[in-house]
Amino acid sequence: MKDYGEEILRMEDICKVFDLGRGKTLAASDHVNISLHRGETLGVVGESGSGKSTLAKILTRLYTMTSGRILFHGKDIAALKGEELRQARKHIQMVFQDPSTAFNPKQRVKQIICEPLLNYGMIKSSQVEEKAKEMLRLVDLPDDFANRYANNMSGGQRQRIAIARALVLKPEIIVCDEATSALDVSVQKTVIELLRRLQRETNVAYFFICHDLALANMFCDNIVIMQHGRVVETINDLHNGKDPYTKKLLASIFTIEEGKKKVLSDELFA
Ligand SMILES: Nc1ncnc2c1ncn2[C@@H]1O[C@H](COP(=O)(O)OP(=O)(O)OP(=O)(O)O)[C@@H](O)[C@H]1O
Ligand SMILES: [Mg+2]
């Protein structure tokens with residue numbers, strides 16, 4: 001198993017209750033505890049509506065949680081405000097399923113990639129082109145993409161641009177919410193290989209939400225299984241799942257993986 005570093009993030013007792021009106025509420029996150037280490041890839045799997053994206057949004061502060069603590073290097077970042085919050089946010093970036101909606105169609109790729117650096121005043125506009133080209137090379141795209149627009153690129157290319165943008169602030173954590181799910185299998189494979197290489201080079205940790213259990217098992221060091229807003233169990237290999245829900249999830253897989261992916265088969269339930 002891969003050797004990863006010290007704990008950098010601890011989500012403690014995270015609760016998110018949505019008010020659905022007429023006195024109804026929904027616990028989308030129900031006393032969740034998750035820890036993430038430097039250079040670790042942590043998978044988050046579970047049925048639709050189990051609360052995976054809610055956790056991602058809490059972590060990236062798109063949602064405020066109802067209660068709980070988010071300890072980043074031991075410091076509760078959920079309690080931060082203003083400039084301190086702005087600085088803390090640098091370290092946790094996000095890649096979504098469909099980056100096209102996250103990109104401004106009027107911006108060139110170089111502006112999309114370097115916008116976070118400009119927002120933090122970390123580069124001058126005269127440096128944008130050079131920095132964008134450096135980031136494009138990092139994600140295996142040609143330099144001259146810097147002056148193009150993202151909406152006439154393929155899904156895989158757009159996702160590489162989203163990854164370049166997420167990496168530009170040198171974050172410690174990248175939250176990937178179904179980041180490869182919209183890509184076809186061969187493109188998905190190259191993006192996963194890219195994420196792996198970038199992790200080796202930068203030691204970034206991934207919070208990797210994914211509905212493809214075989215992909216999660218192949219790519220992740222540990223996997224959090226979620227159901228109804230709760231963590232059912234955290235395991236390093238889906239074969240080791242003990243909870244009946246994990247076994248049920250696995251039983252729903254009927255494709256056997258090729259290549260490097262681990263085979264998930266009925267023998268588990270024998
Ligand atoms: N803003 C919101 N207001 C009310 N309910 C919400 C809101 N966001 C999410 N929910 C509900 O919270 C639950 C968890 O949703 P979430 O998006 O976290 O699920 P998920 O595990 O990411 O599902 P999927 O695999 O389909 O993306 C769902 O029942 C959803 O309807
Ligand atoms: Mg989701």
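The values are calculated or read from the model by the stated rules, or taken from the named source; none is laboratory data. In this text the structure is predicted, and so the values were computed from the model without any measurement. Neighbour counts are summed over all protein chains in view; Cβ atoms, including those assigned to glycine, are modelled from backbone coordinates with ideal geometry. We work out accessible area using only protein heavy atoms, side chains counted, and drop any ligands, DNA or RNA first. Shrake-Rupley method; radii C 1.70, N 1.55, O 1.52, S 1.80 Å.
Considering (1) within 14 Å of ligand 1 (Cβ to nearest atom); (2) open to solvent by 30 Å² or more (accessible area, probe 1.4 Å); (3) polar (S, T, N, Q); (4) at pLDDT 95 or above, the lone condition that residue 33 does not fulfil carries the number (1). Region 33-121 holds helices (runs of 4 or more DSSP H) entirely within its bounds, and those carrying 3 or more residues that are more than 29 Å from residue 231 (Cα to Cα) and more than 16 Å from the chain's Cα centre (by Cα) map to 82-89, 109-119. Residue check: is residue 55 within 16 Å of ligand 2 (Cβ to nearest atom), open to solvent by less than 60 Å² (accessible area, probe 1.4 Å) and either modelled with pLDDT of 95 or more or farther than 28 Å from residue 2 by Cβ (or both)? Spelling it out, residue 55 is indeed within 16 Å of ligand 2 (Cβ to nearest atom), open to solvent by less than 60 Å² (accessible area, probe 1.4 Å) and either modelled with pLDDT of 95 or more or farther than 28 Å from residue 2 by Cβ (or both). Selection of region 41-51 for residues being open to solvent by 20 Å² or more (accessible area, probe 1.4 Å) and near ligand 2 (Cβ under 9 Å from one of its atoms) yields 48, 49. Name the residues in region 2-25 that are in contact (Cβ under 8 Å) with a residue 40 or more places away in the chain and under 17 Å from residue 53 (Cβ atoms), would you? Scanning region 2-25 gives 11, 14, 15, 16, 17. If residue 92 passes every condition in (1) in contact with a helix residue (DSSP H, G or I) (Cβ under 8 Å, 6 or more places away or on another chain); (2) farther than 30 Å from residue 233 by Cβ but one, which one does it miss? The single condition residue 92 does not satisfy is (2). In region 107-140, of all residues being in contact (Cβ under 8 Å) with a residue 40 or more places away in the chain and farther than 23 Å from residue 198 by Cα, the one that is surrounded by the fewest Cβ atoms within 10 Å (Cβ to Cβ) corresponds to 107.
Residue by residue through region 173-230, note down the ones that are aliphatic (A, V, I, L, M), open to solvent by less than 20 Å² (accessible area, probe 1.4 Å) and not in a strand (DSSP E or B). The answer is 179, 191, 192, 194, 195, 198, 204, 213, 214, 215, 216. Evaluation of residue 84 against the conditions (1) away from ligand 2 (no atom under 16 Å from the Cβ); (2) under 13 Å from residue 9 (Cβ atoms) shows that the sole unmet condition is (2).
Which residue, of 88, 102, 78, is within 20 Å of residue 7 (Cβ to Cβ), touching a Phe, Trp or Tyr at 6+ places or on another chain (Cβ under 7 Å), modelled with pLDDT under 95 and open to solvent by less than 70 Å² (accessible area, probe 1.4 Å)? Quick ask: steps written out before the conclusion?
Details: 102 fails: within 20 Å of residue 7 (Cβ to Cβ); 78 fails: touching a Phe, Trp or Tyr at 6+ places or on another chain (Cβ under 7 Å).
Criteria check complete, one pass: 88.
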